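Data first, discussion second: the structure below is written as structure tokens.
The values are calculated or read from the model by the stated rules, or taken from the named source; none is laboratory data. Nothing here was measured: the structure is a model prediction, and the numbers come from that model. Positions of Cβ are backbone-derived with ideal geometry, glycine not excepted, and every protein chain shown enters the neighbour counts. The protein model used for the area step is the full one, side chains on, heavy atoms only, and it has no ligands, DNA or RNA in it. Shrake-Rupley method; radii C 1.70, N 1.55, O 1.52, S 1.80 Å.
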Amino acid sequence: MNQATKMKKAVLTTTVATGIVLAAPTIADAALGDQTLRQGMSHSDVTQLQDELKSKGFFTYEKSTGYYGTITTDAVRKFQKANGLSADGIAGPKTIGALKGGSSSQKATSSSPSTSTNVSYSGILRVGSSGNQVKQLQSQLRSAGFLNKEPNGQFDNATKDAVTSFQRSKNLQVDGIAGPQTFAALNNTGGSKAPAPSNQTTKNTNSSPSATSSILRVGSRGAAVTELQSQLRSVGVFNQNPTGYYGNDTRDAVRKFQSANGLTADGIAGPKTFAKLGQGSTYKPNTEVKSETVSNNNNSGATVTNIVAEASKHIGTPYVWGGGTPSGFDCSGFIQYVFKQQGISVPRTAASQYSAGKSVSSLQVGDVVFFETYKAGPSHNGIYIGNNQFIHSGSSSGVTITSMDNSYWKPRYIGAKRF
């Protein structure tokens, strides 16, 4: 706190003590940077800190509260990591200086950049982020053919889906969160477009889109989408008339089909999904079949499908220590919440969930996988979704999809349990 602020507060205290009424101190009297801010504090400086973090896409709570809780701590840590600072979650002089400095708050001069022009980004953008940087991101995604809407500066589910699709097309980690690698790839697209869906139906006897080379995703249109919807309807996962437009209902139907057939449940219809659809006559979503999607304890394929679909809905949700709601999850809170939505009760902590589940020797979709991290025994977990991948709430990533072969997680894997 500088000397001028100390004097102002001393004058205010003395004046009130003598009975003289003064106006309340202005926001300038409590300027951000006058003091180090940390968890547990309530102050107008915290409100300003949250506003700054929100403008850069790190503080994603619906409003600034003035209270420095776990959400603010996590936001500060993420900002610090993105700016090469010590990630201690405490807003001291260096952190606040970086927040206020030009390097951390640069804005591009154009609100609608093309993919042929590099755009300067800072921080990480995810669902809940807003502002000019989000608008720039949306403009680049739209120019590249992944976003089918006008940029509005709000990182919503449609933007997350577009980011996910773009990441997959560039072989990046698919988490729907726009960070440095995604930004760099966008700046290197050179105006290239997303694969365009075919508007021609195939001429084989099954009239199946599986023979096409196109990839269909949210925003795709045409006869190929109509045929896809017809096949999804024939296997019981798409309960409406085909429209020819690939919207959220079609994406959810594809996810259900993928999950029930041991595919990565990303909601994008590609060659593997089309190939499985070609065998769709053998698939019944609400009956027990001998596949990796049905557990040995008689969980139905529909339940496993719904577990994976529910978990996927929360990709991009921030990590919050002790969190167990869609506003923020820790690892075991995420597991408990997802299973609870399907009427399955599991304990709260990773260790107790490990003890409660049934050990398995062969992984199936819907199993809970456990890892030993900061202490002996199970201390982290996630939900296996097939293709050697699991979905979890990581302390540095929030809810995301990760490979079991990841160099960090593979040596820490200690087993799986089934509920």
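Accessible area per residue (1.4 Å probe, heavy atoms of protein chains only) ranks T400, T373 as T373, T400, with the largest value leading. Given R0 = 22 Å, the distance between the Cβ atoms of S359 and N388 translates into a calculated FRET efficiency of 0.70.
Find how much the distance from Y408 to A31 grows on full extension, using 0.36 nm per residue of separation minus their present alpha carbon separation; answer in nm with one decimal. Mind showing how you got there, number by number?
Numbers: separation 377, 0.36 × 377 = 135.72 nm, distance 4.15 nm.
Taking Y408 through A31 to full extension adds about 131.6 nm, to one decimal.
Computed over neighbours whose Cβ is under 15 Å from that of S355, the net charge equals +3, Lys and Arg +1, Asp and Glu -1. Rounded to two decimals, the Cα radius of gyration of the stretch 313-419 over 2.2 N^0.38 Å is 0.95. Applying 1/(1 + (r/R0)^6) with R0 = 41 Å to the Cβ-Cβ distance of K272 and K63 gives a FRET efficiency near 0.45. Loop-located chymotrypsin sites (Phe, Trp or Tyr not before Pro) in the stretch 382-414 (DSSP state other than H, G, I, E, B) with a sparse environment of at most 15 neighbouring Cβ atoms within 10 Å: Y408. Between K170 and Y374, the modelled label-to-label distance comes to 3.1 nm, taking each label 7 Å out from Cα in the direction of the beta carbon.
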